[in-house]
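The values are calculated or read from the model by the stated rules, or taken from the named source; none is laboratory data. Computed from a predicted structure; not experimentally measured. All Cβ positions, glycine included, derive from the backbone under ideal geometry; neighbour counts span all protein chains shown. Surface accessibility is based on the protein's heavy atoms, side chains included, excluding ligands, DNA and RNA. Shrake-Rupley method; radii C 1.70, N 1.55, O 1.52, S 1.80 Å.
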Amino acid sequence: MAALARLFPFLRWPAPTRQSLRADLLAGVTVALVLVPQSMAYAQLAGLPPQYGLYTALAPVLVAGLWGSCAQLATGPVAVVSLLTAAALAPLAAHGSPQYVALAVALAFLVGCIQLALGALRLGFAVNFLSHPVIAGFTSAAAIIIALSQLGKMLGIPMPRSDVFLRDVWAVLEQWRDVHLPTLAFGTGALLAMLLLRRFAPRWPGVLIVVAIATAISAATGFERSTRATVGEIADPEARALVEDYLAAQAHVAALAEERRAKQRELARTEGEAPEARQHAAALRYEIELLGLRIEDRSAENRRRLRLLRQLVFEQARDANGATIFVPAAGAGDRAGSRWRIQSIDADAIRLQGGGEVVGRIPAGLPPLGLPVLDLATVAGLLSAALVISLVGFAEAVSIAKAISARTRERLDPNQELIGQGLANLAGSLTQCFPASGSFSRSAVNFQAGARTGLASAVAAAIVMLTLLFLTPLLYHLPQAVLAAVIMMAVVSLVNFAGIRHAWQVQRHDGLAGVLTFAAALAFAPHLDLAILAGAGLSVLLFLYRTMRPRVTVLELCARAADGRSGALRAADGVVALRYDGQLYFGNVSYFEDTLLELAAHRPGVRTLLVVADGINQIDASGEEAVRRLVERLDENGIGLAFCGLKPQVREVLEATGLAARIGAGNFFADLPQALEALSARVAAARPAD
């Protein structure tokens, strides 16, 4: 049973009672009411259609609840991980495209593998490389980036996507004259309503209430107005040329992708053949890689074309024959409708949006099962992002779990939590999910609702499943601006300037790491993986810098003479003592050596250097070699080296290498008083008689 409980930790759950079942049922329902709208919002933040958020709120929620160690931790789509997913995949494929979805699923698989491996190898401590100030700086910047990324949806203005996020925000602000007022009304109204409900009715499911009311109003007022047009109905020659180029490039990309798949199948057959086929296999790998680069080039060109097309504004008009056409808004003649923007383009027609954006049709039914599509190029392109998401996602999850466990007084096993998160993402990769993690807001709701075991997560997953099966038609008219408001409300609590300020007060270097991580995230956005890696690297460098120059203090020595009177051991007596607080390792041995040699050089007449070594708790090979060189150089100048308070583990290293014998047993003392007594006796013996 113990072995089974290690493999299946849910077997260790306490026996259910009527009270615990009721509490878990209530908590699961409460969390689901928040989870359903949040998951759709976070899917769009990740660059995916909303149904993929519901998929990610199903299997990962259930598996993490069964295999995690914190009963109240609510797993699923979260804002920061969704943003990191979008940042990782945006350069590789167009948002929402089949290729983008496949990459998101592959990313979830890689994240799951990394987290599961870290947990199985009990390497949960790896998350400690992301210090608290770095996490505070990163999450604060990410929260601001997430909120600003929703600005276009709140204003009804298309937001371009480039390699400089702040430039994209500025491009939206430059179009302030094109604000779609009904969209702005929905977004600001939803924000105000959620704020009021949080303030005056905190126990009510405010997000669900706002979403339900906004959807009903949207459906009743006809908020969405969309139509479809052919290429020939676009009257602007430049826009029509861009559309034709877009469709041609799409067809070319599809042909290249089919050619690459054929060569991959041929390569799979070749690799099992005789050794003489290796040259042909190498040629196939080169051709496959070349095709991948050509696909990426064509896809990047099409993403730029679509961004340009979405910025154009058209008005509906009639041509000389009375047929419907779409002309640039500034040059419209006989208008028959309001303004329109190109929403999407496919081989059959162009979809134009004339009103506000809504979620639209969400496919009913459970997610299809299937293995993620992985090849060497995909793994290489996603590996660094997967590592960052694994660590950031786990850091977020374990920080929530620690806060909850401190209040419930239940034991938290970080390695088991890593296994639970890893299995959740692996299960998600089999059910069309993007990476998931623990949620601050939903975990707080789960805890406050009284969840006792992971059964609460199973109940939440069951409600999401019912939503996918029966309730998706009700979500068609949900305005995108309301989902943007949901995201903004969710990330407000992630802004933690107080944590950065506190780190600055404790240690300036930690505060600097937090501030620079915050600035790097804003500057590097949307490439946030670079910011978190820079912050982690900076933390390590600042730590090494602090340990490279530990505190060294020259001591005023006072020894008790044999007659009981106290007297100072003066430099003229030939004894100088210093306290060294820090380990002796490769990073600071030069500082240790230089400090002692400089002290000996500036104290003429010194005959013994006494190192008060109770602050030295470790020594490596470089430290031992530095002490050996120091002994030799001091000995050449007639100066002895003595230690007091040396810790056993350091003394054992010196004895094992023979350095202790070289220094001499008479130069090691248990503590400072013993050293003072022995050294004062030596000084007295060396003084000439009066």
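Dividing the summed -39500 (n - 2.57) terms of all DSSP H runs of n ≥ 4 by the residue count of the chain sets its mean residue ellipticity at 222 nm at -19500 deg cm²/dmol.
Compared with the dominant Cα axis of the chain, that is its longest principal axis, helix 528-548 is turned about 10°. Its relative contact order, with pairs defined as Cα atoms under 8 Å and 6+ residues apart, puts the chain at 25 percent.
Would you please state which residues of the range 207-247 a label at residue 301 would reach in this model, taking the label point 7 Å out along Cα→Cβ and a backbone N cut-off of under 16 Å? Only 241-247 pass the distance filter.
Once you divide the Cα radius of gyration of the range 443-526 by 2.2 N^0.38 Å, the number left is 1.66. Just to confirm the number: angle between the C-alpha axis of helix 414-429 and the first principal axis of the chain, 0 to 90 degrees, nearest 10? Value to nearest ten degrees: 20. Here residue 376 sits with roughly 150 square angstrom of accessible surface, probe radius 1.4 Å. Placing R0 at 35 angstrom, the Cβ-Cβ distance between residue 466 and residue 502 gives a FRET efficiency of 0.20 after rounding to 0.05.
Evaluate the charge dipole of the chain about its Cα centre and quote only its size in Debye, nearest 20, assuming +1 on the Cβ of each Lys and Arg and -1 on the Cβ of each Asp and Glu. All intermediate terms of the calculation are to be shown ahead of the outcome.
Details: 60 positive and 54 negative charges, 394 e Å.
About 1900 debye.
The residues of the range 51-101 expose on average 20 square angstrom of accessible surface per residue, using a 1.4 Å probe on protein heavy atoms.
Please list 546, 305 from largest to smallest accessible area, probe radius 1.4 Å, with all protein chains kept in place.
Numbers: 546 80, 305 50 Å².
Most to least solvent-accessible, the answer reads 546, 305.
Order the peptides 113-120, 41-48, 589-596, 388-395 from the highest to the lowest mean number of other Cβ atoms within 10 Å of their residues.
Order by mean packing, descending: 41-48, 388-395, 113-120, 589-596.
Extending 7 Å from the Cα toward the beta-carbon at both residue 684 and residue 196 defines two label points whose distance is 8.9 nm. Counting DSSP beta bridges with both partners in the chain, what percentage is antiparallel, nearest 5? Just about 65 percent of them are antiparallel.
Based on protein heavy atoms only, the range 403-531 ends up with 40 Å² per residue of surface accessible to a 1.4 Å probe. Nonpolar atom fraction for the chain, defined as the carbon and sulfur part of the 1.4 Å probe accessible area, stands at 60 percent. Of 340, 504, the residue with the largest accessible area leads and the full order is 504, 340 (1.4 Å probe).
Between residue 628 and residue 399, take the C-beta separation as r, use R0 = 30 Å, and let me know the FRET efficiency to the nearest 0.05. Between residue 628 and residue 399 the formula returns 0.10. In this structure, residue 553 and residue 411 have a Cβ-Cβ separation that, at R0 = 35 Å, corresponds to a calculated FRET efficiency of about 0.25. For the chain, the longest principal axis of the alpha carbon atoms and the long axis of helix 181-200 meet at an angle near 50°.
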